[in-house]
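Engineer: My structure is below; once you've seen it, I'll send some questions.
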Amino acid sequence: MNKIIKYIGASVVIGMMAGCTTNFDDFNTNPYQPSKVPASNLLSTMFNVYACPQQNACQEINCMWASFSGQVTATANWSFGENIFAYYNASDKHNDSSWGRIYGYIYPSFFLIEKSTEKKGVIYAMAQLTRVYGMQMLTSLQGPIPYTQMKAGDTEAPYDKEQTVWHAMFDDLDNAITILKSAASLGVNQDLAPVDQFYKGDCKKWLKFANTLKLRMAIRISGIEPDYAQTKGQEAVLDGVLESTGDSSYDTTNSGINENGYAIISGWPEVRANACLVAYMNGYNDPRRPAYFTEQTQTAAGGYVGVRSGSADIPEPTAYANYSKLFIATDKTLPQPVMYAAEAAFLRAEGALKGWSMGGDAETFYKKGIQLSFDEFGISGVDAYLADDSSVPGNYIDNLISGHTGNNYTNQSAITIKWDESADPTEKLERILTQKWIACYPDPMNGWADFRRTGYPKIFPATKSMNSDCNTTRGQRRLRFTLSEYNNNKTNVEAAAGMLSNGKDSNGTDLWWAMKEDGTY
């Protein structure tokens, strides 16, 4: 846990940027800086887990895992000299970087906020919510994590079993929701507004965000704990989730270090659109493509061509310079998406499919999710898209670089767009999760998590695996524990390995929540 200590300085510096009324005790003796910092300012550092603006952090949190989701392709040596990330065998340095970012952004500020607010009020609720957001991402990456026994200054915290982590996160999230519900009727929170680049202090919208996160978490564990998940999911919907595009969350800060990290990385060019998502949308002739991708410029014919993640060849990133970019990467001032209202609709569709009380049926929310996505990007033609019962996901042909035929792939999905009430539940689930995956773009985690727990959407595999514990059919299942933890928290991390489903700390080990209701992975 000692990697998080180095981030405390950054927390303090960033915390100087805005004013508020809630202070914590003196902790900084530098005579050239204020001796007290408003607690709300410390949220600025924590907020980086929602959408990392700095390019290296954007790689480590927003981009790398999107390779496994089939949405983004990392073309560069992001395994620190060993280009094996996309082949299910990232280096220990890579694992350390993702772990260190998330823990470093969360805990130094969290403990200071916890102390200064005495665990009360909106600022504390936001710190709790943001901690849960970051930790649900990290536990979805690696499984057991230090959570319930984390303490300020403790560099050797014990790990919790996954079930313990998830239940504790729900408890913390429920507490944050209770506070936000009380604050929602009071209008804009003046302590939060100066540092809130997402909703400008609007607690009503943060309440919807928190409930949508709760619904996301409930769906994620629904295979292993269906009754508990149903209770939590229904609570979230009853309290109110994201409903309209005006509820969607974006990181709107776009100056200094807080700019769109995707644009910088893409310019190198280390990030490109993933061949999987592009092929699906090409097959559907999806009118959202211009809002998602740039057209490739290598041939006069134009069109959208992504890069296969885990390609047959490993050329330099410059070889992919003219392949389709992420549209968000064309302008560093474009806001980064955090959570779309469309996600809430698709989560409710899946919940309804399970028989949960979601306020409507699966078909209604499926169609609403697609409608919201089209509205989000200002795209017309949704009625024709929803009525399309013949288009299927496209195959991938890599014809922009000579000799790259080894990257070609025949799509294993034949799912159509139009809702079919007569279809069996498996087909309905694939339809929901495929359209959810398309709508929630770019997203570093949800598509990969859905694939691991259900097999949908049917994501293109790497052409080969460089990890004996992973095969190309099932892909990578988790993130190994970090080398820094083995060096500095050895007893606890070794105990955590024993908590895993097969007791083996490997990239191929299935996580607790990925088990299906029939007891299989």
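The values are calculated or read from the model by the stated rules, or taken from the named source; none is laboratory data. Everything numeric here is computed off the predicted structure, so don't read it as measured data. Positions of Cβ are backbone-derived with ideal geometry, glycine not excepted, and every protein chain shown enters the neighbour counts. Ligands, DNA and RNA are stripped out before the accessible areas are found, and what is left, the full protein with its side chains, is counted by its heavy atoms. Shrake-Rupley method; radii C 1.70, N 1.55, O 1.52, S 1.80 Å.
Engineer: Can you compute the charge dipole magnitude of the chain about its Cα centre, using +1 on each Lys and Arg Cβ and -1 on each Asp and Glu Cβ, nothing else charged? Give it in debye, rounded to the nearest 20.
Structural biologist: Here the size comes out at about 460 debye.
Engineer: Quick check: residue separation of Thr178 and Thr333 times 0.36 nm, minus the Cα distance between them. What number comes out in nm?
Structural biologist: My answer for the length gained is 52.4 nm.
Engineer: Here's something else I'd like to know. For the range 343-402, what does the relative contact order come out to in percent, with C-alpha contacts under 8 Å and a separation of six or more?
Structural biologist: After rounding, I find 24 percent.
Engineer: Here's another thing I want to ask about it. Considering the options Gly406, Tyr396, Gln371, tell which one lies farthest towards the positive end of the dipole of the range 368-432, charges being +1 on Lys and Arg and -1 on Asp and Glu at the Cβ, about the Cα centre.
Structural biologist: With unit charges placed on the Cβ atoms, the residue in question is Gly406.
Engineer: Follow-up. Highest mean first, what order results for 96-104, 387-395 on Cβ atoms within 10 Å?
Structural biologist: Highest to lowest by the protection proxy: 96-104, 387-395.
Engineer: Can you tell me the length gained on complete extension of the stretch Asn487 to Thr472, counting 0.36 nm per residue apart and subtracting the Cα distance?
Structural biologist: 2.3 nm
Engineer: For the chain, what is the percent of antiparallel DSSP beta bridges, rounded to the nearest 5?
Structural biologist: Looking only at bridges with both residues in the chain, the antiparallel portion is about 90 percent.
Engineer: Based on a Kirkwood Rh over C-alpha pairs, give the Stokes-Einstein translational diffusion coefficient of the range 328-445 at 20 °C and viscosity 1.002 mPa s in µm²/s.
Structural biologist: 134 µm²/s
Engineer: Still on this structure: Using helices alone, I'd like the mean residue ellipticity at 222 nm for the chain: each DSSP H run of four-plus residues gives -39500 (n - 2.57), total over residue count, nearest 500.
Structural biologist: -12500 deg cm²/dmol
Engineer: While we're here: Take the range 380-521, drop everything but the C-alpha atoms, weight them equally and run the Debye formula without solvent; then report log10 I(q)/I(0) at 0.14, 0.18 Å⁻¹ to two decimals.
Structural biologist: Log10 I(q)/I(0), no solvent term: -0.86, -1.17.
Engineer: Something else now. Taking only protein heavy atoms into account and a 1.4 Å probe, give the accessible area per residue of the chain in Å².
Structural biologist: Result: 36 Å² per residue.
Engineer: Moving on. Over the alpha-carbon set of the range 101-173, work out the extent along each principal axis and list the three values in angstrom, largest first.
Structural biologist: Extents along the principal axes, in whole Å: 30, 24, 20.
Engineer: Report, please, the projected area of the range 36-166 averaged over directions, based on the convex hull of its C-alpha atoms, in nm².
Structural biologist: The directionally averaged projection comes out at 9.0 nm².
Engineer: Which label belongs to the value computed from this structure, given these candidates for Rg and Dmax of the Cα atoms in Å: (i) 28.1, 90; (ii) 24.9, 88; (iii) 22.0, 72?
Structural biologist: The listed entry that was calculated here is (iii).
Engineer: Right, another one. Among the listed pairs Lys367/Lys516; Lys161/Lys204; Lys354/Lys464; Lys120/Lys490, give every one whose C-alpha distance is greater than 31 Å.
Structural biologist: As for pairs spanning more than 31 Å Cα to Cα, those are Lys161/Lys204; Lys354/Lys464; Lys120/Lys490.
Engineer: Using a Förster radius of 51 Å, what is the FRET efficiency between Thr297 and Lys418 based on their Cβ-Cβ separation? Nearest 0.05, please.
Structural biologist: Calculated value: 0.90.
Engineer: I need to check one value: relative contact order of the range 398-521, counting alpha carbon pairs closer than 8 Å and at least 6 residues apart, in percent.
Structural biologist: Answer for the range 398-521 is 19 percent.
Engineer: Here's something else I'd like to know. Beyond 12 Å, what percent of the Cα pairs of the range 372-425 remain?
Structural biologist: 74 percent
Engineer: Let me ask you something else. Rank-order 123-134, 239-250, 216-227 by packing density, defined as the average count of other C-beta atoms within 10 Å over each peptide's residues, highest first.
Structural biologist: 123-134, 216-227, 239-250
Engineer: Here's something else I'd like to know. Past 24 Å, Cα to Cα: identify those pairs from Lys205/Lys232; Lys332/Lys418; Lys214/Lys504, in the order given.
Structural biologist: Cα-Cα > 24 Å for Lys332/Lys418; Lys214/Lys504; rest within.
Engineer: Now a separate question. Once amide H atoms are placed 1.01 Å from N in the peptide plane, what residues at a sequence separation of 5 or more from Asn274, or on another chain, have their amide H within under 5 Å of its amide H?
Structural biologist: Here the answer is Val72, Thr73, Val307, since their amide H atoms fall under 5 Å of that of Asn274.
Engineer: What's the carbon and sulfur percent of the chain's accessible surface, probe 1.4 angstrom, rounded to a whole number?
Structural biologist: 48 percent
Engineer: Another question, if that's okay. Label the range 161-296 by shape, choosing from rounded, prolate and oblate, from the square roots a ≥ b ≥ c of the eigenvalues of the Cα gyration tensor; if a/c is under 1.5 it is rounded, and otherwise prolate applies when a/b is larger than b/c, oblate when it is not.
Structural biologist: Verdict is oblate for the range 161-296.
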